[in-house]
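S.K.: One structure, pasted below without further comment.
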């Protein structure tokens with residue numbers, strides 16, 4: 001049986017109060033794990049390699065300043081320790097606060113907030129290659145400036161060699177990890193309350 005990653009990240013053991021709580025929503029639990037498996041343990045790597053998946057996963061959770069980054073850091077270290085070292089070195093210059101960006105013209109434009117428009121360093125670009133470099137920049141956009149997602153942003157991925165299927169997988173990965181981070185944060189708070 002596959003270990004439930006959310007249980008692992010939160011430290012839930014069989015029989016714990018949170019285990020009992022999660023068992024009340026078996027479909028939610030199973031579907032979260034199935035999403036993890038489909039995105040990070042896939043045998044279909046034609047459009048997005050395992051290295052790219054793990055780099056984007058680590059980058060997403062590290063940009064989110066989540067304690068779960070250590071889990072994804074270890075996965076990437078096993079795949080490409082050199083890339084991990086360069087990403088870890090780039091992280092301090094990529095961290096900011098969000099969400100930022102501009103809404104389309106209308107009443108929400110009063111909430112527009114300019115934010116960091118991060119670009120990978122030449123060192124990171126050399127270590128990652130053009131495709132992954134574009135994916136990392138796009139991940140930063142999705143994490144911090146989702147309002148600025150646009151056709152032009154997607155075109156940058158296409159220009160770097162991403163297929164449409166690869167772009168969908170990349171977007172699903174970032175969206176899933178954002179969901180997973182929130183579930184882990186909520187369960188961690190509950191774990192403290194139940195202790």
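S.K.: Give the number of residues within the range 131-146 that are over 23 Å from residue 38 (Cβ atoms), touching a helix residue (DSSP H, G or I) at 6+ places or on another chain (Cβ under 9 Å) and either in contact (Cβ under 8 Å) with a residue 24 or more places away in the chain or surrounded by fewer than 19 Cβ atoms within 10 Å (Cβ to Cβ) (or both).
M.R.: So the answer is 3.
S.K.: Report, by residue number, each residue of the range 157-178 that is free of Cβ contacts under 8 Å to residues at least 60 places away in the same chain, in contact with a helix residue (DSSP H, G or I) (Cβ under 9 Å, 6 or more places away or on another chain), assigned to a helix (DSSP H, G or I) and surrounded by fewer than 16 Cβ atoms within 10 Å (Cβ to Cβ).
M.R.: The answer is 158, 159, 164, 175.
S.K.: Here's another thing I want to ask about it. Against the condition part of a helix (DSSP H, G or I), under 17 Å from the mean Cα position of the chain (by Cα), touching a residue at least 12 places away in the same chain (Cβ under 8 Å) and surrounded by 17 or more Cβ atoms within 10 Å (Cβ to Cβ), how does residue 86 come out, does it pass?
M.R.: Answer is no for this residue.
S.K.: Look at residue 60 and say whether it is within 16 Å of the chain's Cα centre (by Cα), at pLDDT below 95 and buried (at least 17 other Cβ atoms within 10 Å of the Cβ).
M.R.: So residue 60 fails the test.
S.K.: Six or more apart or on different chains, Cβ atoms under 7 Å: show the pairs whose first residue is in the range 1-28 and in contact (Cβ under 8 Å) with a residue 24 or more places away in the chain and on the phi < 0 side of the Ramachandran plot and whose second is exposed (fewer than 13 other Cβ atoms within 10 Å of the Cβ) and not in a loop (DSSP other than H, G, I, E, B).
M.R.: Final answer for the pair search is 2/37; 17/194; 18/194.
S.K.: A further question follows. What are the residues in the range 97-126 that are closer than 19 Å to residue 153 by Cβ and surrounded by 15 or more Cβ atoms within 10 Å (Cβ to Cβ), if any?
M.R.: Those that are closer than 19 Å to residue 153 by Cβ and surrounded by 15 or more Cβ atoms within 10 Å (Cβ to Cβ): 98, 100, 101, 102, 115, 116, 118, 120, 124, 125.
S.K.: If you don't mind, there's one more thing I want to ask. For the range 7-57, how many residues meet the condition of being part of a loop (DSSP other than H, G, I, E, B) and closer than 30 Å to residue 160 by Cα?
M.R.: Selection size over the range 7-57: 9.
The values are calculated or read from the model by the stated rules, or taken from the named source; none is laboratory data. None of the values given here were measured: they were computed from a predicted structure. With ideal geometry, Cβ positions are generated from the backbone for all residues, glycine too; neighbour counts draw on all protein chains shown.
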